[in-house]
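Since the structure comes first, as structure tokens, the remarks are kept for the end.
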Amino acid sequence: AVVSTQSHKKLLEESVQAAVIEERERLQAEFKKQSELEKDELKSSWIEKIDNTDQIAAEAAEAAAEKTRKEMQEKLDLMEQVHHSVVESTVKEKLAKAREEWQTEE
């Protein structure tokens with residue numbers, strides 16, 4: 001009876017040890033799987049952030065280019081207005097001089 005109790009106790013200990021080892025391996029596998037999922041999520045999150053940053057940078061560059069285009073167009077328009085004003089006043093001066101000369105000739 002003592003032998004069977006000891007062997008029963010030993011079998012029970014081995015069974016508990018096997019269950020503990022099995023549970024530890026299961027938990028390690030689950031942890032590793034979860035860890036891989038989290039790494040993948042983190043990686044895709046960073047990729048998304050990088051893509052968003054690239055898109056934001058492209059939009060900012062586009063906005064800056066548009067602003068520069070508008071500023072250049074405004075400067076060109078202003079230069080054109082100044083040019084027309086100068087030409088107009090030069091023409092008016094020459095016409096006035098020509099009238100003066102014509103009137104003095106008469």
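What pairs come out if I take residues in segment 54-82 that are surrounded by 10 or more Cβ atoms within 10 Å (Cβ to Cβ) and pair them with residues that are of a type in the set (A, V, I, L, M, F, W, C) whose C-beta lies under 6 Å away, six or more apart or interchain?
Sorted first by the residue in segment 54-82, then by its partner, the list stays empty.
Out of curiosity, is residue 73 of a type outside the set (Gly, Ala, Ser) and modelled with pLDDT of 95 or more?
In short, yes.
Please go through segment 39-53 and give me each residue that is open to solvent by less than 100 Å² (accessible area, probe 1.4 Å) and either in contact (Cβ under 8 Å) with a residue 24 or more places away in the chain or not hydrophobic (A, V, I, L, M, F, W, C) (or both), ordered by number.
40, 44, 45, 51, 52, 53
The values are calculated or read from the model by the stated rules, or taken from the named source; none is laboratory data. For clarity, every value in this text was computed on a predicted model and none was experimentally measured. Every residue, glycine among them, receives a Cβ derived from its backbone with ideal geometry; neighbour counts consider all protein chains shown. Side chains included, ligands, DNA and RNA excluded: accessible areas come from the protein's heavy atoms. Shrake-Rupley method; radii C 1.70, N 1.55, O 1.52, S 1.80 Å.
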